[in-house]
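The values are calculated or read from the model by the stated rules, or taken from the named source; none is laboratory data. As the structure is a prediction and not an experimental result, all values here were calculated from the model. Cβ placement follows ideal geometry from the backbone for every residue including glycine, while neighbour counts extend to all protein chains displayed. Accessible surface areas use protein heavy atoms only, side chains included; no ligands, DNA or RNA. Shrake-Rupley method; radii C 1.70, N 1.55, O 1.52, S 1.80 Å.
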Amino acid sequence: SHLAALVLARGGSKGIPLKNIKLLAGVPLIGWVLRAAIDAGVFHSVWVSTDHDEIEKVAKQFGAQVHRRSPEVSQDSSTSLEAIREFLNHHQEVDIVGNIQATSPCLHPSDLIKVADLIQKEGFDSVFSVVRRHQFRWSEVKKGENKMTEPQNLNPAKRYRRQDWPGELYENGSFYFAKRHLIEKGYLQGGKMAYYEMRAEHSVDIDIDIDWPIAEQRVLSFGYFGKEPLKEVKLLVCSIDGCLTNGRIYVTEDQKEMVSYDYRDLVGIDLLKKRGIQVRLISERDCSKTLSAMQLGCVAKVSATNKLQVLEDWQKDIGLSWKEVAYLGNEESDVECLKKAGMSGVPADACAVAQKAAGYICKSRGGCGAVREFAEHIFLLLEKVNSARKQ
């Protein structure tokens, strides 16, 4: 049977414009679930249903196929079921749909693998995700009603301690798997049903109970970052022009060149060094005098005609794996380095091909705090590495 992952990602949003591709911890929101779905290896195809060109571009960047949904199922009033049924009408080869919510960025491949087994090997017709919550419920008393509230799931005289109460299961909306025959009848849940209980720390829905900054912290702590285990970064290589500086060159009347930089970036470099991370700089032009004036105390390579070769030489000389190398670039000449490095980033104003190759896109522009921001991102991921070691 053909099992297809389907992420619904309409362009319109009442809350955050183009929310589905807004950067969350440096990755487009939809990218987190697409990475998990593809790496799970259980889907015969992975799709994004959208009505927007930019969402289509990001979906393909992360390896998904795209179904262009019709205007009829792209309205504010359109339901998920309507969009899924339209998708099935155009893809007769699909027998089972795994509808994955784009707003669940802490989803892991291991969850999807287990659910695929439930529906393909154990014969369930539909499987949906739940999370266990320990919350006491009380009946609602509407304004103007002269009555008391009543306990719904507790005895106030004998309140449970959390450790003595198993809690209750709630749908968390992360995913809904269902067979074609159910969906065609108008159901996402039905037939022989099963729930799949997700870990509480992986149950993140930014639409319902969490705002963006908190979601970023949760993703950095509990998100899925790829098949390869994270390693501690030991070297950051930063392109000078357009990353450390804003790329502008000012020429005085006596033909002297000047560039500007942000003091926050110098602090970021200093913090990296204090954490034992080497920082090296690279530039295609000869900016020796500028570097001398900045007094950064970093190894630098200027007039570099082949940045990748320089990066490979440094990596071998220090004796590092690629997972231990981070790279911050912004131009086409940085693309191969961005692809090679274990951790890669670009400023907000980097060129399109560099953004596509990078794992993290800064909110800050080049020369305006991007280096400091990328340093903070490295520190957060180092915390994740250290946490994994302790576990």
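Compare the Cα positions of 112, 212, 148 along the charge dipole of the chain (+1 at Cβ of Lys, Arg; -1 at Cβ of Asp, Glu; about the Cα centre) and return the one farthest towards the positive end. Farthest along the dipole direction, towards plus: 148.
Applying 1/(1 + (r/R0)^6) with R0 = 56 Å to the Cβ-Cβ distance of residue 255 and residue 68 gives a FRET efficiency near 0.55. Computed in the context of the full set of protein chains, the accessible area of the stretch 235-389 at 1.4 Å probe radius has 46% of its extent on carbon or sulfur. As a length-normalised measure over Cα pairs under 8 Å and 6 or more apart, the relative contact order of the stretch 235-389 settles at 27 percent.
DSSP finds beta bridges in the chain, and of those with both partners inside it, around 35 percent are antiparallel. Annotation: the antiparallel percentage among DSSP beta bridges lying fully within the stretch 235-389 is about 15. With each label modelled as a point 7 angstrom along the Cα→C-beta vector, the residue 184-residue 2 pair spans 1.3 nm.
Note on residue 193 and residue 92: with the Förster distance fixed at 30 Å, the Cβ-Cβ geometry gives a FRET efficiency of about 0.75.
Ranking 40, 252, 20 by how far each Cα lies toward the positive end of the dipole of the chain (charges on Cβ) leaves 40 at the top. Checking the cross-link pairs 234/340; 231/340; 273/340; 234/316; 227/307 against a 18 Å limit on the alpha carbon distance flags 273/340; 227/307 as lying beyond it.
A DSSP coil position with no more than 16 other Cβ atoms inside 10 Å describes the following trypsin sites (Lys or Arg not before Pro) in the stretch 285-374: 285, 363. Fully extending the segment from residue 289 to residue 200, taken as 0.36 nm per residue of separation minus the present Cα-Cα distance, adds 26.7 nm. The dipole here belongs to the chain: it is taken about the Cα centre, uses +1 on the Cβ of Lys and Arg and -1 on the Cβ of Asp and Glu, and is about 1140 debye. For the chain, the longest principal axis of the C-alpha atoms and the axis of helix 212-222 are separated by about 90°. Extension gain for residue 146 to residue 122 (0.36 nm times residue separation, less C-alpha to C-alpha distance): 3.5 nm. Helix 29-40 and the longest principal axis of the C-alpha atoms of the chain enclose an angle of approximately 80°.
The distance separating the Cα centre of the stretch 310-354 from that of the stretch 237-268 comes to 20 Å. Computed from the C-beta positions of residue 321 and residue 23 and an R0 of 22 Å, the FRET efficiency is 0.20 to the nearest 0.05.
Full extension of the chain between residue 280 and residue 340 yields a length gain of 20.0 nm, computed as 0.36 nm times the residue separation minus the alpha carbon distance. Normalised by the number of residues in the chain, the average gap of Cα pairs under 8 Å and 6 or more apart makes the relative contact order 14 percent.
When you filter the trypsin sites (Lys or Arg not before Pro) in the stretch 187-219 for DSSP loop state and at most 16 other Cβ atoms inside 10 Å of their Cβ, you are left with 192, 199. In the stretch 1-73, the portion of solvent-accessible area held by carbon and sulfur atoms comes to 49 percent [1.4 Å probe, whole percent, DNA, RNA and ligands not counted]. The charge dipole of the stretch 244-391, taken about its Cα centre with unit charges on the Cβ atoms of Lys, Arg (+1), Asp and Glu (-1) only, comes to about 660 debye. Along the Cα→Cβ direction, 7 angstrom out, place labels at residue 75 and residue 263. What is the inter-label distance in nm? It is 5.7 nm.
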